[in-house]
Amino acid sequence: MKWIAKQLARVTDDVVLIGVRGMYSDKNKRGIYDDALIWCQKSTGLIATYTANVDPSGYRKGVGKGHRKGMASLKNGIWSYKPGPHPLVGGYPAFRQAAEVIVIRDGDPPYEDRGFHGINVHSGSRNGSTSSLGCQTVKHAEWLDFQKLGYSLLAQSKQKTFSYILISKEDIA
């Protein structure tokens, strides 16, 4: 677990969410739960791992930033997030961008796009699908525990936002 300590040292927040692409597979894939989301609280040493998908459910090649844009995948890095309702589709519970992020959009070639893209963390669907147009999703059966723990840790640490560190399995050393 040295790699977790290495990631936590990158930020000052007490509560941190770490996403790991391809944690549970040989090669990261879209549309399946092969990734991990890990709540960490530095002050208590708490680590809680959840099954997740940090990629879109499918592919959609595009160009530019308008209606013809490609499907978005959050770029690995450190991002600022906060609890709050997903702004689309009825405002269901989520953890949302608190600042701009960079996404990699499907295209030929893939291209970067910076901004508020609605790349949120929320529950996957009840039928087991990853339900993602770019958001990070937690398996539906694990979502309530994930959400409740996140809210509780943030309240304990008096944080309104948290650092979300997204890495790939290859970054674990």
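Here, each number is a calculation from the coordinates, and none is a lab measurement. Computed from a predicted model, the values in this text were never measured in an experiment. Cβ placement follows ideal geometry from the backbone for every residue including glycine, while neighbour counts extend to all protein chains displayed.
Treating only the Cβ of Lys, Arg, Asp and Glu as charged (+1, +1, -1, -1), what charge dipole size does the stretch 94-173 show about its Cα centre? Round to the nearest 20 debye.
Dipole size: approximately 500 debye.
Just add up the charged neighbours of residue 160: K/R +1, D/E -1, any other residue whose Cβ is under 13 Å from the Cβ of residue 160.
Value of the local net charge: +1.
Note down the relative contact order for the chain as a percent, whole number, built from C-alpha pairs under 8 angstrom at least six residues apart.
26
Sum up the charges of everything whose Cβ sits under 15 Å from the Cβ of residue 134, counting Lys and Arg as +1 and Asp and Glu as -1, but leave residue 134 out. Don't jump to the answer; show the numbers that get you there.
Values: positive: 21, 30, 60, 61, 65, 69, 75, 96, 105, 114; negative: 35, 55, 100, 106, 112, 113.
Combined, the nearby Lys, Arg, Asp and Glu give +4.
When the Cα centres of the stretch 49-86 and the stretch 87-152 are compared, how far apart do they sit, in Å?
So the two Cα centres are separated by 7 Å.
Within the stretch 63-141, which chymotrypsin sites (Phe, Trp or Tyr not before Pro) sit in a loop by DSSP and count at most 15 neighbouring Cβ atoms inside 10 Å?
For chymotrypsin sites (Phe, Trp or Tyr not before Pro) across the stretch 63-141 that sit outside H, G, I, E and B with at most 15 neighbouring Cβ atoms in 10 Å, the list reads 116.
Determine the calculated [θ] at 222 nm for the chain from helices alone, applying -39500 (n - 2.57) to every DSSP H run no shorter than 4 residues and normalising by the residue count; nearest 500 deg cm²/dmol.
-4500 deg cm²/dmol
Please state the charge dipole magnitude for the stretch 2-171, taken about the Cα centre, from unit charges on C-beta atoms (+1 on K and R, -1 on D and E), reported in debye and rounded to the nearest 20.
Working: 24 positive and 15 negative charges, 51 e Å.
The calculated dipole for the stretch 2-171 is roughly 240 debye.
Set Lys and Arg Cβ to +1 and Asp and Glu Cβ to -1, take the dipole of the chain about its Cα centre, and tell me which of 101, 5, 172 lies farthest positive.
Positive-most Cα among the choices belongs to 101.
What distance in nm separates the two pseudo spin-label positions at residue 148 and residue 99, each 7 Å out from Cα along the beta-carbon direction?
3.2
Quick one, which of (1) 162; (2) 113; (3) 225 is the actual volume of the Cα convex hull per residue in Å³ calculated for this model?
The value matching this structure is (2).
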